Amino acid sequence: MVIVEAVASSAVKTSFNLQTPVIVCLTEKGHAARCVAKYRPYCPVLNYTSKVKIALYFAIMRGIFTILYDDVNNIDSVISHSCDFLINNKLITTNTNIVLLSGLNEKKNGTTDQMRVINISEYLNIKH
């Protein structure tokens, strides 16, 4: 099993155990989001990418919703955008956990090797 497969399966299991309403996935090539979809999470996957071709590919996949975002390599920016997007569209409340998949090395593509559980209210308090 490669690292991205292990992280994806762990993210889906963690999401199920914590009953999180969404999994946020940062991907450039789409491999991480495909791996998450393979394990059939019960909640939707919010996929961030900067490539239109990848976004169109995921338009036909079950449970994956893609957001085109130019600065995918800036994890803090993506977390802020996803929190704002989810709260403004009333998809989550402020006292909610989400699961985030990203790469530890932000500058190198294809390195999804990190899973985080983020509490929205704690993150928004730290941010402001």
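For Y57, the accessible area of its heavy atoms, probed at 1.4 Å with every protein chain present, is near 100 square angstrom.
Surface composition of the chain: carbon plus sulfur atoms contribute 56% of the solvent-accessible area (1.4 Å probe, protein chains only, all chains present). Of the trypsin sites (Lys or Arg not before Pro) found in the range 1-90, those that fall in a DSSP loop while having at most 11 other beta-carbon atoms within 10 Å are R62, K90. Among beta bridges identified by DSSP and lying wholly in the chain, the antiparallel ones come to about 35 percent. Distance distribution P(r), the range 1-119, all Cα-Cα pairs, bin width 10 angstrom from 0: 14, 52, 32, 2 percent. The number of Lys pairs in the range 1-84 with C-alpha atoms less than 16 Å apart, excluding pairs fewer than 8 positions apart on the same chain, is 4. For the range 16-59, the relative contact order comes to 44 percent (Cα pairs under 8 Å, sequence separation of at least 6).
Based on Cα contacts under 8 Å between residues 6+ apart, the chain shows a relative contact order of 27 percent.
What size of dipole, in debye to the nearest 20, comes out for the range 1-123 about its Cα centre when the only charges are +1 on Lys and Arg C-beta atoms and -1 on Asp and Glu C-beta atoms? Please list the in-between numbers first.
Values: 12 positive and 9 negative charges, 107 e Å.
The calculation lands at about 520 debye.
Scaling the Cα radius of gyration of the range 1-66 by the globular reference 2.2 N^0.38 Å produces a ratio of 1.02.
Using the 1.4 Å probe convention, the accessible area of the range 17-128 works out to 55 Å² per residue with neighbouring protein chains retained. When the chain is treated as a Gaussian network with alpha carbon springs shorter than 10 Å, the biggest mean-square fluctuation among T20, T93, T112 belongs to T93.
The values are calculated or read from the model by the stated rules, or taken from the named source; none is laboratory data. No experiment lies behind these values; they were computed from the predicted model shown. So basically every Cβ, Gly included, is an ideal-geometry build from the backbone, and we count neighbours across all protein chains shown. Only protein heavy atoms, including side chains, enter the accessible area calculation; ligands, DNA and RNA are left aside. Shrake-Rupley method; radii C 1.70, N 1.55, O 1.52, S 1.80 Å.
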